1. As I understand it, the value is the acute angle between the Cα axis of helix 143-153 and the longest principal axis of the Cα atoms of the chain; what does it come to in degrees, rounded to 10?
2. Using a 1.4 Å probe on the protein heavy atoms, what percent of the accessible area of the stretch 50-106 belongs to carbon and sulfur?
3. Nearest 500 deg cm²/dmol is fine: what mean residue ellipticity at 222 nm does the chain get from its DSSP H runs of n ≥ 4 alone, each adding -39,500 (n - 2.57), divided by its residue count?
4. Counting Lys +1, Arg +1, Asp -1, Glu -1, what net charge surrounds MET135 among other residues with beta carbon under 12 Å of its beta carbon?
5. Along the charge dipole of the chain, Cβ charges K/R +1 and D/E -1, which of GLY156, MET62, ASN83 sits furthest on the positive end?
6. Averaged per residue, what accessible area in Å² does the chain show with a 1.4 Å probe, protein chains only?
7. Helix 25-34 sits at what angle to the longest principal axis of the chain, using alpha carbons and giving 0 to 90 degrees rounded to 10?
8. Based on the mean of other beta carbon atoms within 10 Å per residue, what is the order of 134-146, 38-50, most packed first?
Amino acid sequence: MEAVRKFAGQDLPGLYLGMATPGTELDLEGKRRVGCDAYVLRLCFNGVYLPAEILARRAKSMGMLLSTAMTDGSFQTWLVDRNEPMRLIIHGLERVEVWRQRQSGTLLLRGFEFDEGELQRWPQIWMCGTNLREMHEILGKMSHWLSAKYKEVKRGPHPHVRPG
């Protein structure tokens, strides 16, 4: 994967700059027109990179990527249902940027993800692509790096507590 040298908002998948009232048919049609169908695999859990062997067992979420500008000039990217673009599949990445991209279109997006209650946030990386085999190959190439990142923060198993 090659790093995007000079990130710009137009590099994000499914960039939607529509001005229609959210939820109207004009808005929904605009989102469907620019949305980018993709599988998404989250590489982190609460900001910690997971090793490839755990990630390989996780399901990839399928949906439509939509990116929008935020009021502070940064961008956010969401994974939504193509048929119902107002229905979230994965909560969005805020302050998102393209971190790496292959010529085939598979990319890594990095940003910050919030929990469902929007109480906590952490760094997150999404691997996005249309070819599951290629995504698996990329995960294999990242295996050593992911394992090293995971080992930096992994604690041993919890001690057994004896019933009192």
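1. 70 degrees
2. Details: 1380 of 2940 Å².
Of the solvent-accessible surface of the stretch 50-106, carbon and sulfur hold 47 percent.
3. Working: 4 runs with 37 residues, N = 164.
Calculated mean residue ellipticity at 222 nm is -6500 deg cm²/dmol.
4. +3
5. GLY156
6. Numbers: 10290 Å² over 164 residues.
In whole numbers, the chain has 63 Å² accessible per residue.
7. Between the helix axis and the principal axis of the chain, the angle is about 60 degrees.
8. Values: 134-146: 15.5, 38-50: 18.2.
Descending mean neighbour count gives 38-50, 134-146.
The values are calculated or read from the model by the stated rules, or taken from the named source; none is laboratory data. Computed from a predicted model, the values in this text were never measured in an experiment. Here the Cβ is made from the backbone with ideal geometry for all residues, glycine too, and neighbour counts use every protein chain on show. SASA here: full protein model, heavy atoms, side chains in, ligands and nucleic acids out. Shrake-Rupley method; radii C 1.70, N 1.55, O 1.52, S 1.80 Å.
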